[in-house]
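K.L.:
There's a structure below that I have some questions on.
Just so you know, all these numbers are worked out from the coordinates, no wet-lab data involved. Nothing here was measured: the structure is a model prediction, and the numbers come from that model. FYI the Cβ positions are ideal-geometry reconstructions off the backbone, even for glycines, and counts take in every protein chain you see.
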Amino acid sequence: MTAPAYAWLILFLPLFSAVAITLGARRSPQLSALISIGAVAGSFLLTVALALSAPPGSQGVELSVRWMEVAGFQADFGFRVDTLSLLMLLVVTGVGTAIHAYSFGYMSGDPGFARFFGSLSLFMFSMLGIVVSTNFLQMFIFWELVGVSSYLLIGFWHEKPAAADACKKAFLTNRLGDFGFILGILIVWSATGTLHFTELAKHLETHPAALGSLASLAALLVFCGAMGKSAQFPLHVWLPDAMEGPTPVSALIHAATMVAAGVFMLCRMFFLFQLPASWPEALAFLHGWSAADIVAWIGGFTALLAALMAMQQDDIKRILAYSTLSQLGYMVMGVGVGGPAAAMFHLSTHAFFKALLFLGAGSVIHALHHEQDIWKMGGLRRSMPVTFWTFLIGTAALCGVPPLSGFYSKDAVLAAASHGNPVLFALAVTVAGMTAFYMSRLFLVAFLGSPRSDHASHAHESPPVMSYPLLLLAVPSVIAGFFGLEERFTLQFLPPSAVPHGPGHGFDPFAPFGHAPAAAMFGLGATLFGVSFAAALYGGASRDPLPAKLGALARAMRARFYFDELYEKIGVRLHDALAALAGWIDRWIIAGLGVKGAHGTVDLAGRALRLFQTGSLQTYAFFVVAGLVLMLLMTLVS
Amino acid sequence: MMKVGLEHYLVVSGLLFCLGVLGVILRRNLLVLYMSLELMLNAANLALVAFSRFNDHLNGQVMVFFIITVAAAEVAVGLALIVALYRKRQSAHVEDLASLKL
């Protein structure tokens, strides 16, 4: 059984759009935008049709084309339809459609309007390519394509130095992670000879020791790729800077889809993390840890770190960026503690409400003439009602207020952590409280109180093309938790040979309190605590009271714990030292000994020989005589 | 009384030759250089005559005649050149004659 052939269109419509815009329609901005929006909307409708017509079983179905075959190595180009990819497709195309439409309003009048939509379409193509990949190679190619399109979009306003720097930083940081990714792929391929996900999963199920002592290392290296894309510590530094891109880009790429690709990839390759832990000799000190443990701890640490940083930022987009980092950490932790279904659930709901929050922030920024400092906002409830209420929904969903979607997905992650690792569970609850705190702070300061600047007092609601997408995204932000998504995702992660359960039972809104009461109660308590704490501190505040209370800690949070400075110190110093060493070798060894050595020796020999050619007859006579005497001596002595 | 043999002639000839060489190498005046050159030629002549005399063979003597003739011709040309140079440069010192040197 295969998927219907029109599935290919889902993937290739955005590519057609990107090509058409780049080659033909760039002269006409309106047409470009329509092509691009049409393509992504078409993909969305086709995805819905695909989801309705062919509900995949737990095995999933594939379309596949043999791409190349070189001496025993085979690479396919495929389109995989299973629960995981189908739901991810729905999220990506759904959020993508809303954001494309929103961009039509937000970017209007920009000189690069057509270029913007061309890049967006290229991004959609790349992202969909990751989602439907059937094998490592295809995924890696699209993985890099996503990196490129992200680079193009972050640096969209390339005449701005900050944006140009940010896109380079994002690209290079991602490349660092991708280096690990491809090493991991190579290990897997050399040990098993296949790159195909399902074949590999089956092979590893029957031969769990196929990867030998490299199993955990391969999983960790693959995780490096996710670390780059999903901005996990220590590669998290690029994401906040990526906010230099246009706000719709931040919403689509750096909140909802691309950064989620890392989590998606971890789930796709979850079977790698289920292998028994084994380390090569050189890494014996990691004995007792599994790759999944390390993933969980890195995720948890990132969540905590980013939440701390978010508490002291003043730029509305940066707060959201750190919040994204923190939530991504949550998801990665979810995968690590053995709950990929929970992680994917959180990924889906997060995509909706975080895109909503970013678009809301974009709406505010648009209305306030590109003011991003929350302390210069305030009092926006009457002037921007749609933005206000949708932003409130997004904030509540992110804080985990029941019965919004965020509550259920966050609870799923918390429940997974409480089964897996009590320390990480405590950490996750803390982060949940901090999330509620900084989001309430953002909302209280930016939207409530009285206007704190001229722009804020003269703000007015954004045009319908921008406000309708907000409403559109607000709906799934509220209800995405009601469909038993987690159960559906769970089917995906059963081992290939296991008999799938029947369809999930009906949804019960109180289920979280039933099967993991501790997680639900702690999560809810943390949310309540965070919100009320923020309300006490920031209700009607016109200045941030926290720096005075926390002192040095607040300064460190504001300065993002000096990671950029640290990396600059380490990275730049190291780079300079290496450059100096290379320069020294070039100057003294290669140019000095090599080039100068060769010509210097010849030169010296020439100079020495020239001494004999004095031009003076008497010297010549002397040499003749000396030579004669020498020869005479030699004959006489011997 | 000691009998004068071939060795004695050869030693004198060698000494003369060395004097000539030293003159050629060390002296700076072209004229003196020339005279030293003649000294070397005559040292050779002396050796040849001595060999001829002690080996009872005339070839040596014939050789000497040739040398004397060639030397006379050479001196004529050489002295003429020196005089011409001196007229041109007002000097007969070798250091001053370096215009052909690179």
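K.L.:
In degrees between 0 and 90, to the nearest 10, how far off the longest principal axis of chain A does helix A:464-479 point, with axes built from Cα atoms?
P.N.:
Helix A:464-479 and the main axis of chain A meet at about 80 degrees.
K.L.:
Once you compute Rg and the Kirkwood Rh from C-alpha atoms, what is the Rg to Rh ratio for the protein assembly as shown?
P.N.:
1.43
K.L.:
From the phi angles alone, apply the Karplus equation (6.51, -1.76, 1.60; θ = phi - 60°) to segment A:588-602 and give each ³J(HN,Hα) in whole Hz, x where the residue is Gly or Pro.
P.N.:
9, 7, 6, 6, x, 6, x, 5, 5, x, 5, 6, x, 5, 4
K.L.:
For residue A:450 and residue A:577, calculate 0.36 nm times their separation in residues minus their Cα-Cα distance, and state this gained length in nm to one decimal.
P.N.:
Net length gain for the segment: 40.4 nm.
K.L.:
I've got another one for you. Placing unit charges on C-beta atoms (Lys and Arg positive, Asp and Glu negative, everything else neutral), compute the dipole magnitude of the protein assembly as shown about its Cα centre in debye, rounded to 20.
P.N.:
Result for the protein assembly as shown is approximately 1660 debye, rounded to the nearest 20.
K.L.:
Still on this structure: In segment A:514-557, which trypsin sites (Lys or Arg not before Pro) are in a loop and have at most 12 other Cβ atoms within 10 Å, using DSSP for the loop call?
P.N.:
Qualifying residues, ordered by number: A:543.
K.L.:
Using a Förster distance of 45 angstrom, determine the FRET efficiency expected from the C-beta separation of residue A:158 and residue A:613, and round it to 0.05.
P.N.:
0.10
K.L.:
Which whole number gives the average, over all residues in B:12-21, of C-beta atoms from other chains lying within 10 Å of the residue C-beta?
P.N.:
Mean shielding count: 1.
K.L.:
Another question, if that's okay. Can you pull out the chymotrypsin sites (Phe, Trp or Tyr not before Pro) in segment A:401-489 whose DSSP state is coil and whose Cβ has at most 16 other Cβ atoms within 10 Å?
P.N.:
Qualifying residues, ordered by number: none.
K.L.:
Okay, moving on. Mind pulling the angle between the C-alpha long axis of helix A:617-637 and the longest principal axis of chain A? Nearest 10 degrees, somewhere in 0 to 90.
P.N.:
It is inclined by approximately 80 degrees.
K.L.:
Next question. With the cut-off at 27 Å, report for segment A:67-225 the share of all Cα pairs above it, as a whole percent.
P.N.:
Considering segment A:67-225, 36 percent of its Cα-Cα pairs are separated by more than 27 Å.
K.L.:
Using helices alone, I'd like the mean residue ellipticity at 222 nm for chain B: each DSSP H run of four-plus residues gives -39500 (n - 2.57), total over residue count, nearest 500.
P.N.:
-27000 deg cm²/dmol
K.L.:
In whole Hz and in residue order, list the ³J(HN,Hα) couplings for segment A:423-437 that follow from phi through the Karplus curve 6.51 cos²θ - 1.76 cosθ + 1.60, θ = phi - 60°; x for Gly and Pro.
P.N.:
Values per residue, Gly and Pro as x: 5, 5, 5, 4, 4, 5, 5, 4, 4, 4, x, 5, 4, 4, 5 Hz.
K.L.:
If R₀ is 56 angstrom, what is the calculated FRET efficiency for the pair residue A:590 and residue B:4, using the beta carbon separation as r and rounding to 0.05? The partial results should precede the final answer.
P.N.:
Numbers: r = 74 Å, r/R0 = 1.32.
According to the calculation, E is roughly 0.15.
K.L.:
Using just the helices of chain A, give the 222 nm mean residue ellipticity in deg cm²/dmol: DSSP H runs with n ≥ 4 each add -39,500 (n - 2.57), and the total is spread over all residues, rounded to 500.
P.N.:
The helix contribution divided over chain A gives -22000 deg cm²/dmol.
K.L.:
Using each residue's phi in segment A:85-94, evaluate 6.51 cos²θ - 1.76 cosθ + 1.60 at θ = phi - 60° and report the 3J(HN,Hα) Karplus result to the nearest Hz, with x for Gly and Pro.
P.N.:
6, 5, 5, 5, 4, 4, 4, 5, 6, x
K.L.:
Here's another thing I want to ask about it. Run the numbers for residue A:460 and residue A:566: contour at 0.36 nm per residue of separation, minus the present Cα-Cα distance, in nm.
P.N.:
34.0 nm
K.L.:
By average Cβ neighbour count within 10 Å, what is the ranking of A:253-266, B:24-37 from highest down?
P.N.:
The densest-packed peptide leads the list: A:253-266, B:24-37.
K.L.:
Within 10 Å of each Cβ in peptide A:615-622, how many partner chain Cβ atoms are there on average? Round it to a whole number, please.
P.N.:
Numbers: counts 6, 5, 6, 8, 1, 1, 6, 5.
Whole-number average of other-chain Cβ neighbours for A:615-622 is 5.
K.L.:
With axes computed from alpha carbons, what is the tilt in degrees of helix A:136-154 against the longest principal axis of chain A, rounded to the nearest 10 within 0 to 90?
P.N.:
80
K.L.:
A follow-up question, please. Using alpha carbons only, how many angstrom separate the centre of segment A:194-238 from the centre of segment A:568-638?
P.N.:
The distance from the Cα centre of segment A:194-238 to that of segment A:568-638 comes to 57 Å.
K.L.:
Starting from the amide H of residue A:400, placed 1.01 Å from N in the peptide plane, find each other amide H under 5 Å away whose residue is 5 or more places distant or on another chain.
P.N.:
A:407
K.L.:
Separate question: Taking segment A:510-591, which chymotrypsin sites (Phe, Trp or Tyr not before Pro) meet the DSSP loop condition and have no more than 10 other C-beta atoms within 10 Å?
P.N.:
Those satisfying the criteria are A:510.
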